[in-house]
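The values are calculated or read from the model by the stated rules, or taken from the named source; none is laboratory data. Treat the numbers as computed from the prediction; the structure is a model and nothing was measured. Note that we place each Cβ from the backbone using ideal geometry, even for glycine, and neighbour counts take in every protein chain shown.
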Amino acid sequence: MDANTRDQASRRPNGARETQILELLQQADGALTPGEVAERLGGELTYSTVVTILTRMHGKQMLHRSPRGRAYAYEPVTDEAGFAARRMRSVLDDRPDREAVLARFADELSDSDAELLRQMLGDAGSGDPR
């Protein structure tokens with residue numbers, strides 16, 4: 001199977017590929033080059049396709065990159081919880097009535113999550129650096 005056929009046969013929406021690569025990078029012991037990512041994907045994508053996806057993800061500030069030889073090595077800017085928090089913050093930032101959004105969010109929390117949030121906010125107010 002040639003490179004184009006391989007990429008066409010494994011077509012997924014861009015978000016799904018980004019998610020797959022992000023998970024791979026989060027599980028890695030350190031930053032990976034595009035070649036290492038392509039290898040760990042088992043040849044599903046060509047090197048150039050991996051470079052394109054990694055470059056796009058870097059542009060979205062999802063990844064840090066640093067020079068390694070003639071390529072860059074990429075690693076996530078944060079962990080899974082950090083990405084979830086960024087998504088939540090982005091949704092909040094996109095809404096004009098922050099108070100209403102936060103109130104609705106708090107109203108829909110389970111009792112245990114609401115208690116956890118109260119504890120965390122109490123700790124934040126007391127200067128406890130969590």
Unmet criterion (only one of (1) surrounded by 12 or more Cβ atoms within 10 Å (Cβ to Cβ); (2) without any contact (Cβ under 8 Å) to a residue 60 or more places away in the chain) for F83: (2)
Conditions (1) buried (at least 16 other Cβ atoms within 10 Å of the Cβ); (2) modelled with pLDDT under 95; (3) under 27 Å from S90 (Cβ atoms): number failed by Y74: (2)
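Within segment 66-80, track down each residue that is touching a residue at least 12 places away in the same chain (Cβ under 8 Å) and either farther than 25 Å from T33 by Cβ or outside any strand (DSSP E or B) (or both).
First pass over segment 66-80, keeping only residues touching a residue at least 12 places away in the same chain (Cβ under 8 Å): 66, 68-69, 71-77, 79-80.
G69, V77, D79, E80, listed by residue number.
State whether the residues of segment 95-118 include one that is outside any loop (DSSP other than H, G, I, E, B), touching a residue at least 24 places away in the same chain (Cβ under 8 Å), out of contact with any strand residue (DSSP E or B) (no Cβ under 9 Å at 6 or more places or on another chain) and surrounded by fewer than 16 Cβ atoms within 10 Å (Cβ to Cβ). Write out each step before concluding.
Here is the first cut: in segment 95-118, the residues outside any loop (DSSP other than H, G, I, E, B) are 98-107, 111-118.
Imposing the further condition that a residue be touching a residue at least 24 places away in the same chain (Cβ under 8 Å) reduces the set to none.
No, segment 95-118 contains no residue that is outside any loop (DSSP other than H, G, I, E, B), touching a residue at least 24 places away in the same chain (Cβ under 8 Å), out of contact with any strand residue (DSSP E or B) (no Cβ under 9 Å at 6 or more places or on another chain) and surrounded by fewer than 16 Cβ atoms within 10 Å (Cβ to Cβ).
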